[in-house]
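Trainee: Below are the structure tokens for one structure; questions will follow.
The values are calculated or read from the model by the stated rules, or taken from the named source; none is laboratory data. No experiment lies behind these values; they were computed from the predicted model shown. Cβ placement follows ideal geometry from the backbone for every residue including glycine, while neighbour counts extend to all protein chains displayed. Just so you know, the surface numbers come from the protein's heavy atoms only, side chains and all, with ligands and any DNA or RNA stripped out. Shrake-Rupley method; radii C 1.70, N 1.55, O 1.52, S 1.80 Å.
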Amino acid sequence: MRIQKIELGEIRIPLVTPFRTALRTVTEIRDIVVRITADDGQAGYGEAPATAVITGDTWGSIETAIREFIAPAILGMDIEDIDGIMRRMQKAILKNTSAKAAVDMAVYDLYARNLGRPLYKVLGGGSDSIETDLTISVNDVSQMVEDALRGVEQGFRILKVKVGKEGKGDVERIQAIRQAVGENVVIRVDANQGWAPKEAVRIIRSLEDKGLDIDLVEQPVNAHDFAGMKFVTANVSTPVLADESVFSSQDAIRIIEERAADLINIKLMKTGGIYEALKICGIAESFGVECMTGCMLESKLAVSAAAHLAAAKGVITRHDLDGPALCSTDPYEGGPVFEGPRIRMTGQPGIGIGKVPVEFR
């Protein structure tokens, strides 16, 4: 079965509420969708958001990377030659990890569909159900408390609180949320690179001194400040999760060997897809380091691909796959079932998404 055609389309889905972090504010998902069709008529699907502030990818760069570089490099290749396809894609263009991720997941989707098996089974089996957290965007304290309580009412037991804008004000936000939701709700903190190293230590120690019981702090300092990450990790008790600092398996090795973080966040848009993500899983497992799966502002299509990876790999112990929960509608049919915090895998082949309401060209 060979790759016959690669087409692109666009999907837009309004968010329930604006998504605010230390880096940006977004009101809708606007992603590029990839369809790869084989010579037997079967099709696989992938998706990529333009997250320029993190990956450097824009809508234009994603489309250009796929149409002018990646597609010509892999057209005609046997879908079973995953290694060969990924090598050619990597050689075709540097970086452009989101574009590569969309193509990568479409290839894996098509490969698993051809085998007639769910992708998570093809990747190694694992669990048929995982639990995601819910992201609480940066807002004034009262709004964040309201959003947190609404999430708990919806059944979410794990909240990921976005901070990184106001230092001391961040502590007040987290303290107010903890007081509102009680001690049985897990709270994670994501600074999105918003603090300086010494500031991060002061803030995290303050959270510890107040007994707020934080599960982890994600990317407290600039992505390229490995020394700063190491300084924070060495001077606090709360586990530190490396997110924007880890795009590749080489980054993962450096973070682990330098003890610059305790945990690693794997996002397909950073790794360039499932192929490189599997390498990071293997490295982390060999070092005894646990991972989280995360997502950008992606719809159910891309998040489902990440869910298959998460369900397949035991080294992934935490999940931040709430993209569909942030969307006002779900335009897809099929795929994993998102029931509040629970993501349930099904027996559908591939990623499992059936109807994809996109005009491809």
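Trainee: Report yes if some residue within the stretch 41-50 is more than 19 Å from LEU278 (Cβ to Cβ), out of contact with any Leu (no Cβ under 9 Å at 6 or more places or on another chain) and surrounded by 17 or more Cβ atoms within 10 Å (Cβ to Cβ); otherwise report no.
Mentor: Among the residues of the stretch 41-50, at least one is more than 19 Å from LEU278 (Cβ to Cβ), out of contact with any Leu (no Cβ under 9 Å at 6 or more places or on another chain) and surrounded by 17 or more Cβ atoms within 10 Å (Cβ to Cβ), which makes the answer yes.
Trainee: In the stretch 184-197, how many residues are outside any strand (DSSP E or B), in contact (Cβ under 8 Å) with a residue 60 or more places away in the chain and either open to solvent by less than 10 Å² (accessible area, probe 1.4 Å) or among the polar types (S, T, N, Q) (or both)? It would help to see each step written out before you state the result.
Mentor: Residues of the stretch 184-197 that are outside any strand (DSSP E or B), as a first pass: 184-185, 191-197.
The next check asks that each one be in contact (Cβ under 8 Å) with a residue 60 or more places away in the chain; those that pass are 191-194.
Filter once more, so that each one left must be either open to solvent by less than 10 Å² (accessible area, probe 1.4 Å) or among the polar types (S, T, N, Q) (or both): 191-193.
Residues meeting the conditions: 3.
Trainee: Go through the stretch 12-31 and give me each residue that's in a strand (DSSP E or B) and open to solvent by less than 10 Å² (accessible area, probe 1.4 Å). So that I can check it myself, show each step before the final result.
Mentor: Applying the first criterion (in a strand (DSSP E or B)) to the stretch 12-31 yields 12-20, 25-31.
ILE13, ILE29, ASP31, listed by residue number.
Trainee: Among the residues of the stretch 170-195, which ones are modelled with pLDDT under 95 and in contact with a strand residue (DSSP E or B) (Cβ under 6 Å, 6 or more places away or on another chain)?
Mentor: Passing the criteria: none in range.
Trainee: Determine if the stretch 335-346 includes at least one residue that is closer than 18 Å to GLY272 by Cα and surrounded by 24 or more Cβ atoms within 10 Å (Cβ to Cβ).
Mentor: Taking every residue of the stretch 335-346 in turn, none turns out to be closer than 18 Å to GLY272 by Cα and surrounded by 24 or more Cβ atoms within 10 Å (Cβ to Cβ).
Trainee: Filter the stretch 198-207 for residues that are open to solvent by 60 Å² or more (accessible area, probe 1.4 Å) and closer than 13 Å to SER237 by Cβ and give the result.
Mentor: From the stretch 198-207, those open to solvent by 60 Å² or more (accessible area, probe 1.4 Å) are 198, 202, 205; that's our starting set.
Within the stretch 198-207, ARG205 is the sole residue that qualifies.
Trainee: Let me ask something additional. Would you mention how many residues in the stretch 118-145 are touching a His at 6+ places or on another chain (Cβ under 6 Å) and either open to solvent by 50 Å² or more (accessible area, probe 1.4 Å) or over 22 Å from PHE338 (Cβ atoms) (or both)? Quick ask: steps written out before the conclusion?
Mentor: Looking only at the stretch 118-145, we keep the residues that are touching a His at 6+ places or on another chain (Cβ under 6 Å), and these are 119-120, 130, 132.
From the residues that got through so far, the ones that are either open to solvent by 50 Å² or more (accessible area, probe 1.4 Å) or over 22 Å from PHE338 (Cβ atoms) (or both) too are none.
Total meeting the criteria: 0.
Trainee: What pairs can you find where one residue is in the stretch 296-315 and touching a residue at least 12 places away in the same chain (Cβ under 8 Å), the other is surrounded by fewer than 24 Cβ atoms within 10 Å (Cβ to Cβ) and among the small types (Gly, Ala, Ser), and their Cβ atoms are less than 7 Å apart, with a gap of 6+ or different chains?
Mentor: Close Cβ pairs (under 7 Å, with a partner that is surrounded by fewer than 24 Cβ atoms within 10 Å (Cβ to Cβ) and among the small types (Gly, Ala, Ser)) amount to ALA311/GLY126; ALA311/SER127; ALA312/GLY124; ALA312/GLY125; ALA312/GLY126; LYS313/GLY124; LYS313/GLY126; GLY314/GLY126.
Trainee: What strands (runs of 3 or more DSSP E) completely inside the stretch 210-280 contain at least 3 residues that are surrounded by fewer than 24 Cβ atoms within 10 Å (Cβ to Cβ) and at pLDDT 95 or above? Step through it out loud before you land on a result.
Mentor: Numbers: elements: 214-218, 240-242, 263-266.
So the answer is 214-218.
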